[in-house]
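Reviewing the structure listed below.
The values are calculated or read from the model by the stated rules, or taken from the named source; none is laboratory data. Quick caveat, the model's predicted, so the values are computed rather than measured. Here the Cβ is made from the backbone with ideal geometry for all residues, glycine too, and neighbour counts use every protein chain on show.
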Amino acid sequence: MKQYVELRNHPFELSKFRFRLLISIGFVLILFAILYARFYYLQIVQQEHYHTLAEANRISILPLVPNRGLILDRNGKPLAQNYSAYTLEIIPKKIKDLDATLDELATVIDITPTDRQRFKKLLKESKRFKSLPIRGRLTDAEIAAFATNRYRFPGIEIKARVFRQYPEKEIVSHVVGYISRINDQDLEQLELNRELPNYRGSQHIGKIGLEQSYERQLHGTIGFEEVETDAAGRSIRVLSRTPPTPGNNLILSLDLGLQQAAEKAFGERRGALVALDPNNGEVLAFVSKPGYDNNLFIGGIDQENWKLLNNSIDRPLNNRALRGVYPPGSTFKPFMALAALELGKRTPEYSMSDPGYFSLPGSAHRFRDWKPGGHGRVDLHKSIVVSCDTYYYSLANDLGIDNIHSFIGQFGLGRKTGIDVEGEASGLLPSSAWKMNQYKQKWFAGDTISVAIGQGYNLTTPLQLAFATMIIANNGKAYQPRFVKQIQNSQTGEIENIPPNLLYTVNLKPKNLEVVKNALVDVTRPGGTAARASANAAYTFAGKTGTSQVVAIKQGEKYNEKTINERHRDHAMFIAYAPAENPQIALAILVENTGTGGSTAAPIARQVFDYYLLGEMPETTVALLDEPGEDHVHDHL
Amino acid sequence: MQRTIDIKKIWHFLTRYIDSFLLIGLLALMGVGLITLYSAAGANIAKVSNQMVNILIALSIMWLVANIPLQHIRRLALPMYLFGLALLVGVALFGEINNGARRWLNIGVTRIQPSELMKIAIPLMMAWYFDKHEITLRMRDYLVATILLMLPVVLILRQPDLGTAIMIAASGFFVLFLAGLSWRIIAGLAVAAAASLPVVWTLMHDYQRRRIMTLLDPTQDPLGAGYHTIQSSIAIGSGGLVGKGWQNGTQAQLDFLPEQSTDFIFAVFSEEFGLIGNTLLLLLYLVVIGRCATITAQAPTQFTRLIAGSITLTFCIYIFVNMGMVSGILPIVGVPLPLISYGGTSMVTMLLGFGILMSIQTHPTLVKT
């Protein structure tokens, strides 16, 4: 039937159909030509471009983070070390619902609320594609548990990482400092120094202390691994490898045993101690009490601990030895005495009568001695041994502030010592120029009087005092104080010694030095202000006590240790070196809010010396000694 | 001697209605597909043997259809269309939602995708319609045919399945065009289509709009919607003139390519065999298309001409749309590369069409025009 109809089909219809078919096929050919042009463009014209992109897709360059150098004490005891452990890490970008994933993860591995909190904090500070730890120190059982469930957690991986650890915690926290996670500021700084490429893959950087100051030595040089990766980022095989160079080890001059002895001697008291080797400026002990557990900062400190540390009235994060500034008190007197002799304002033989006060000519104002009624006849030697104030009042008036400033400035008081750690405070050794500059006021003769006994505008750090003491002990050699004695290549074990750095020599006449040094020895002998602390010592020991005032007492008012607020009590100071005839250790001690230097600071020095010179570890914290009266001199308003 | 005769008989039985020229072309393309699939699947022989089974089933169906004279198939046109339409309505009402699209209908024993059936039913139906009204073809007939076409297209668009809807609309349009739709109307439609673009844009789903935006600038969203286009362009481009060699395409082997055994298999081929491979593949396709066009041109009746023309041109459009989207000149709509992409359904649909072409070519007609 159909075929029958077909018979009547017009040939015209067929040719019309064929024409349309031809047009269609022509259209198809055009489309194919377009496709072909596109292929030609992609595969010939742009081939190189796409080849590069494909290679970039395929090959990832993985940074190999170098192991950080160790920090060791002078005997090789570790103060900062590394351990490797497995952590569980999350790449936030690969997770859709973080909270749900964490909940699910918690069913496989223990995750505490603190872990979560810390993770959330990290999350806020980090880029989304960075791998962030949710749990550290996984146990073998936990690793196994996660491994079997791994398919459920894309974007979460177990990573072997090397961690920093500070085994001595509080004891050396103010020396070693700590590393912590690299933040935006660090990144900016690294970029500025063009060091950023070396930190690809590094998670931590030194933030404070030696960890910060020796960052370049400790960090090491990054290595690279060229890895073929698939679209999911899994490595398929390693194409090439440039191993990292681990950081160098720092060998400190610090003696951990000595440090521990000093810590023990301090007990719960607040304060600072800096002990230097007078022969080369090496730091033997460097204590700031209280310390803090620097391990807390490595992974990012949690809120609770941070509040505890930051809000504590004891200010454990404050490095008192390096950054704390205190009036040096009577520890200033030996330097004044040297100035008097060297500048010819006093002879050792000159003596004066001490009525218990000093008044400037034409003034009724009395600058009082700490001892009511005075010390009787006082020469230079006695002025040091009994710490007579009146002697120095009159001396200061004869010297004038600018002589004091320029002479005592040679001992490094009031300026940075240049120790090899950042953050040192400069303190203040006043001068008339300084006062004019600071207050637009001329210097008054009365200003000089309180400077003479280490009060007034005077501010020094315990480190500066130790530095100044070292210069007396070694007869004028100003060695740059430094922590790092040697740098060890951690691959070859090669040790590079850092030679002592003699900054300059203070020109002092031996006979003048002898006078002052003899007096300093007598301070520790019967009749001196530190006699009790040094009783029965197996070596001779030279020192000078001091008291650094915290609050000013009004004219005519009396300082009463019993009634005053504990935090307003005076700080005890002591500078010393031993053995007196051939000094091996020079130190400065500050004990906060405990009164006189002779009763609290000097006994600590004794224990430190005993350990260093005799090898005796103190049994207990030193007791307060009942020393004869000390210079409770206070500024009068 | 008896045995030889038997073999001859069987051979005759098997090849009687098969167009061997076309068959060789198809087998060559499917061979290329299997070789590429082996590489794309990461030397996974299971996937390749799966596809071989798909091919065998599809070839059997092709053989079966080729053996059916066209007048029988013609009778099926209307019932098939109505059945398909009913199923599409069923999908719209009771269909299963998968990946946000309602495309499947669960009929107890198995799930079916009625839009696949429509790929054949539409050209059949429209060719049947024009054939029936051949003598008195008027404006009104084109209108009715267009409505017949638009009903399933709209239903499929709403699933939503843009790729299938476009392919079905194209196959219907080819029937209209070959049946002699006036040039003026074609021009009018083109203008109307251009004018309605903003309206279409507002009616589109978000993901569809994103795909088009991505086509204009794939780098806008390199890890999201643009990822496919960027990665497949990289694959093709990095293949260069001679390609990276079989199983050596890094984009494919390292899983950077999405859906590399189905819709994006051409990127794998292109990366590994380069522009030379692409040239040969396009030529092979052109050979098949040429044979199909010859069959169409020689088809004896209006019905067979229209159906053959539609099948041939739709096949071309499949190739263009797939290669276009993989090489980044068309938006990504889920259209497989015919005879090469992995998957049974599209293979069956394709070979069913070629079966019809063979039937047209090999069945004797009373009179040839």
Exercise. Is it true that some residue in the range A:25-33 is in contact with a Ser or Thr (Cβ under 8 Å, 6 or more places away or on another chain), buried (at least 19 other Cβ atoms within 10 Å of the Cβ) and either facing another protein chain (nearest Cβ under 7 Å) or modelled with pLDDT of 95 or more (or both)?
Worked result: no
Problem set entry | Meets criteria (more than 11 Å from chain A (Cβ to nearest Cβ), free of Cβ contacts under 8 Å to residues at least 40 places away in the same chain and in a helix (DSSP H, G or I)) for B:LEU280 | yes
For this session: Restricting attention to the range B:246-259, report how many residues are over 25 Å from the mean Cα position of the chain (by Cα) and at the interface with chain A (Cβ under 10 Å from one of its Cβ atoms).
Result: 7
For this session: Only one of these is more than 27 Å from the chain's Cα centre (by Cα), closer than 29 Å to A:PHE483 by Cβ and at pLDDT 90 or above: A:ILE419, A:ILE408. Name it.
Result: A:ILE408
Exercise. Scanning for something under 40 Å from the mean Cα position of the chain (by Cα) and among the hydroxyl-bearing types (Ser, Thr, Tyr), does the range A:366-386 turn up at least one residue?
Worked result: yes
For this session: Restricting attention to strands (runs of 3 or more DSSP E) lying wholly within the range A:408-499, give those where 2 or more residues are assigned by TED's automatic domain parsing to the domain that holds A:GLN217.
Result: none
Exercise. Has the range A:103-111 got any residue that is away from every other protein chain (no Cβ under 14 Å), in a helix (DSSP H, G or I), farther than 29 Å from A:GLU226 by Cβ and hydrophobic (A, V, I, L, M, F, W, C)?
Worked result: yes
Exercise. Can you find a residue in the range B:317-326 that is touching a helix residue (DSSP H, G or I) at 6+ places or on another chain (Cβ under 8 Å), closer than 30 Å to B:GLU134 by Cα, outside any loop (DSSP other than H, G, I, E, B) and at pLDDT 90 or above?
Worked result: yes
For this session: Scan the range B:293-304 and report the pairs whose first residue is more than 18 Å from B:PRO69 (Cβ to Cβ) and at the interface with chain A (Cβ under 9 Å from one of its Cβ atoms) and whose second residue is of a type in the set (Lys, Arg) and surrounded by fewer than 24 Cβ atoms within 10 Å (Cβ to Cβ), with Cβ atoms within less than 7 Å and a gap of 6+ or a chain change.
Result: B:ALA297/A:ARG18
Problem set entry | Single match in A:GLU557, A:GLU561, A:GLU627, A:GLU619 (criterion: in a loop (DSSP other than H, G, I, E, B), modelled with pLDDT under 70 and in contact with a strand residue (DSSP E or B) (Cβ under 9 Å, 6 or more places away or on another chain)) | A:GLU627
Exercise. Does B:ILE45 qualify as being over 29 Å from B:LEU124 (Cβ atoms) and among the β-branched types (Val, Ile, Thr)?
Worked result: yes
For this session: Starting from residues that are of a type outside the set (A, V, I, L, M) and part of a loop (DSSP other than H, G, I, E, B), keep the ones in the range A:211-242 and report whichever is farthest from A:VAL484 (Cα to Cα).
Result: A:ASP230
Exercise. Looking at A:ASN305, is it within 14 Å of the chain's Cα centre (by Cα), outside any loop (DSSP other than H, G, I, E, B) and over 26 Å from A:LYS477 (Cβ atoms)?
Worked result: no
Problem set entry | Qualifying helices (runs of 4 or more DSSP H) (wholly inside the range B:15-118; at least 1 residues being touching a strand residue (DSSP E or B) at 6+ places or on another chain (Cβ under 7 Å), closer than 22 Å to B:GLY355 by Cβ and away from chain A (no Cβ under 14 Å)) | B:70-94
Exercise. In the list A:LEU79, A:LEU62, A:LEU122, which residue meets the criterion of being aliphatic (A, V, I, L, M) and assigned to a helix (DSSP H, G or I)?
Worked result: A:LEU122
Problem set entry | B:PHE256, sole failed condition from (1) crowded, with 21+ Cβ neighbours inside 10 Å; (2) without any contact (Cβ under 8 Å) to a residue 40 or more places away in the chain; (3) part of a helix (DSSP H, G or I) | (3)
Exercise. What number of residues within the range A:192-210 are farther than 21 Å from A:LEU64 by Cβ and assigned to a helix (DSSP H, G or I)?
Worked result: 3
Seminar exercise, completed: Picked from the range A:230-247 (must be in contact with a Leu (Cβ under 7 Å, 6 or more places away or on another chain) and buried (at least 18 other Cβ atoms within 10 Å of the Cβ)), the residue nearest to the other protein chains (Cβ to nearest Cβ) is A:PRO244
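Let's see how each residue does on (1) within 12 Å of chain A (Cβ to nearest Cβ); (2) buried (at least 21 other Cβ atoms within 10 Å of the Cβ); (3) in contact with a strand residue (DSSP E or B) (Cβ under 7 Å, 6 or more places away or on another chain); (4) over 25 Å from B:ILE166 (Cβ atoms):
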position: B:SER261; (1), (2), (3), (4): no, yes, no, no
position: B:ILE276; (1), (2), (3), (4): yes, no, no, yes
position: B:VAL287; (1), (2), (3), (4): no, no, no, yes
position: B:GLY290; (1), (2), (3), (4): yes, no, no, no
position: B:THR314; (1), (2), (3), (4): yes, yes, no, no
position: B:TYR318; (1), (2), (3), (4): yes, yes, no, no
Problem set entry | Hits in the range B:132-156 (condition: in a helix (DSSP H, G or I) and over 18 Å from B:ALA86 (Cβ atoms)) | B:LYS132, B:MET139, B:ARG140, B:ASP141, B:TYR142, B:LEU143, B:VAL144, B:ALA145, B:THR146
For this session: Within the range A:308-326, track down each residue that is assigned to a loop (DSSP other than H, G, I, E, B), farther than 30 Å from A:PHE609 by Cα and not β-branched (Val, Ile, Thr).
Result: A:SER312
Exercise. Yes or no: B:LEU215 at pLDDT below 80, farther than 27 Å from B:ILE307 by Cβ and exposed (fewer than 15 other Cβ atoms within 10 Å of the Cβ)?
Worked result: no
Problem set entry | Count of residues meeting criterion [in contact (Cβ under 8 Å) with a residue 24 or more places away in the chain, more than 8 Å from chain A (Cβ to nearest Cβ) and more than 26 Å from the chain's Cα centre (by Cα)] in the range B:222-245 | 4
For this session: Quick one: which residue in A:LEU338, A:LEU360, A:LEU296 is assigned to a loop (DSSP other than H, G, I, E, B) and outside the structural domain of A:LYS120 (by TED's automatic domain parsing)?
Result: A:LEU360
